[in-house]
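Student: This is the structure I want to talk about, given as structure tokens.
We did not get these values from a lab; they are worked out from the coordinates using the rules stated. The structure presented is a predicted model; accordingly, all values stated were derived computationally and were not measured. Don't worry about glycine lacking a Cβ; one is built from the backbone with ideal geometry, like all the others, and counts go over all protein chains shown.
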């Protein structure tokens with residue numbers, strides 16, 4: 001044992017071994033630190049969100065355009081109507097004056113020829129007709145104006161509804177996305193349209209795939225997500241507060257389900 | 001570094017126990033490689049020494065001369081290992097005992113064999129030095145790595161408990177960082193296992209060669225004692 005420590009120091013290769021082992025590990029560390037990164041992926045931890053948009057059965061776009069086109073017309077109508085009214089009144093006054101004049105003329109020239117009287121009568125008839133026509137035109141315009149007005153009111157209330165509906169849409173989307181489990185085959189650009197039917201308590205009655213994404217697993221996962229939600233509790237409030245909006249928007253509706261922020 | 005999931009970022013971002021485990025494993029790996037290299041060099045050298053010595057021994061050289069040449073090397077501050085130290089121990093004892101007047105041949109042989117046995121066991125000790133350490137690194141470091149991994153996964157799952165929406169992206173970095181510990185454990189263990197198996201086999205072969213040589217040498221001395 002006396003010899004052993006002395007010999008241990010003199011055993012071959014200790015310094016060589018230490019140096020080479022340290023350099024080996026140093027090299028490895030260097031490679032790990034500097035050079036080699038196995039994959040360059042984002043490590044950002046963020047929730048996956050899926051954009052799902054609700055499609056209304058009746059797209060509101062067309063009436064908006066129509067109304068937008070019509071509104072200025074309605075204003076025009078108003079002005080036109082005023083103008084027409086004024087004109088008509090002026091006409092009336094003139095006619096009355098003319099009648100008085102005519103009567104005076106009649107008194108003056110009682111011995112007017114038949115021909116002349118006939119002509120006057122014809123004139124009169126013509127004027128009457130004109131008046132009638134103007135009145136009819138005015139009535140028509142008034143009707144159109146009232147129509148435009150009511151349409152405008154509809155539009156305003158629809159806009160208010162739309163805001164309400166938008167918040168519920170967001171809620172529905174959230175609920176579905178939270179209950180969705182991503183199948184491994186899901187890809188970013190997939191899009192499935194689901195037809196969903198609700199009852200006023202918010203319970204899901206039926207779900208159907210209206211337009212497939214082409215991937216049946218994905219379709220099924222979206223469908224399952226809706227079934228998993230089972231009941232959209234907040235929709236009950238909506239159906240109590242304004243059953244009209246519920247019936248119009250959420251009784252049957254289409255939902256486009258697109259996972260567009262997946263890390264796929 | 002923040003955006004990429006580099007290996008180093010994972011190591012740095014690991015929790016303290018996992019980092020500790022990694023450090024232990026790295027140290028174990030460094031030390032075991034020191035032993036591996038040293039053992040490899042040593043065993044190869046003893047193997048070469050054995051071959052050359054046996055060659056000169058059986059070439060019919062005078063044993064006294066052989067002993068003296070060994071003395072010369074010892075004076076030059078070289079150690080004498082392996083089979084030569086066996087020879088020297090036996091021969092020294094033989095000379096010492098046979099020079100005394102009342103030398104009983106059997107007593108001489110007994111002394112020679114004892115001296116050689118002592119030298120042999122010392123050589124065996126040298127052959128097997130550090131091998132137990134390699135064996136323990138080989139068997140324990142996977143467990144240490146596994147401990148680090150389990151700890152890291154525990155940690156990342158605990159973090160998951162507070163999250164409303166459980167996604168793979170939340171646990172994945174934690175698990176990945178935890179798995180590095182296991183990888184390091186295996187990294188330390190695999191060379192140690194291989195080296196241990198190889199070196200213990202080599203040491204066995206050398207030990208048997210020494211044993212055989214000591215028997216042969218004692219038989220030669222035996223012949224000499226009894227021929228006198």
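Student: Angle between the Cα long axis of helix B:82-99 and the longest principal axis of chain B, 0 to 90 degrees, nearest 10?
Tutor: With both axes taken from Cα atoms, the answer is about 30 degrees.
Student: Counting pairs of Cα atoms in segment B:92-218, how many percent are more than 18 Å apart?
Tutor: More than 18 Å apart: 70 percent of the Cα pairs in segment B:92-218.
Student: Output the direction-averaged projected area (hull surface divided by four) of the convex hull of the alpha-carbon atoms of segment A:212-264, in nm².
Tutor: 4.8
Student: Share of Cα-Cα pairs in chain B beyond 26 Å, in percent?
Tutor: Result for the distance tail: 56 percent.
Student: Semi-axes of segment A:172-264's equivalent ellipsoid from the Cα gyration tensor, sqrt of 5 times each eigenvalue, largest first, rounded to whole Å?
Tutor: Semi-axes from the Cα gyration tensor: 26, 12, 11 Å.
Student: Connecting C-alpha atoms closer than 10 Å in a GNM of chain B, tell me which of B:184, B:22, B:154 has the biggest fluctuation.
Tutor: Comparing B:184, B:22, B:154 in a Gaussian network model of chain B, the most mobile one is B:154.
Student: Using packing as a proxy for protection, rank B:136-144, B:28-36, A:163-171, A:113-121 so that the peptide with the highest average count of other Cβ atoms within 10 Å comes first.
Tutor: B:28-36, B:136-144, A:163-171, A:113-121
Student: Angle, helix B:63-75 long axis vs. longest principal axis of chain B, Cα atoms, 0 to 90°, nearest 10?
Tutor: Helix B:63-75 sits at roughly 50 degrees to that axis.
Student: Mean-square fluctuation check for chain B, GNM, Cα pairs under 10 Å: which of B:52, B:15, B:149 is largest?
Tutor: Its mean-square fluctuation being the largest, the pick is B:52.
Student: Going highest first, how would you order B:106-113, A:141-148 by mean Cβ packing within 10 Å?
Tutor: Packing proxy ranking, top to bottom: B:106-113, A:141-148.
Student: How many nm separate the modelled label positions at residue A:128 and residue A:159, each set 7 Å beyond the Cα in the direction of the Cβ?
Tutor: 4.9
Student: Taking the Cα atoms only, what angle lies between the long axis of helix B:105-127 and the longest principal axis of chain B, rounded to 10 degrees?
Tutor: Roughly 20 degrees, rounded to the nearest 10.
Student: Here's another thing I want to ask about it. So what's the projected area for segment A:137-179, the Cα convex hull averaged over all directions, in nm²?
Tutor: So the mean shadow area of the Cα hull is 3.1 nm².
Student: Let me test this: with uniform point scatterers at the alpha carbons of segment B:43-139, what is the Debye-based log₁₀ I(q)/I(0) at q = 0.11, 0.19, 0.20, 0.22 1/Å?
Tutor: -0.42, -1.00, -1.08, -1.20
Student: Given 4 °C and 1.567 mPa s, how large is the Stokes-Einstein diffusion coefficient of segment B:83-159 in µm²/s, with Rh as the Kirkwood radius over Cα pairs?
Tutor: My calculation gives 78 µm²/s for D.
Student: For the protein assembly as shown, just list the percent of Cα-Cα distances falling in each 20 Å bin from zero outward, please.
Tutor: Going from the shortest bin to the longest, the percentages are 15, 22, 18, 15, 12, 8, 5, 3, 2, 0.
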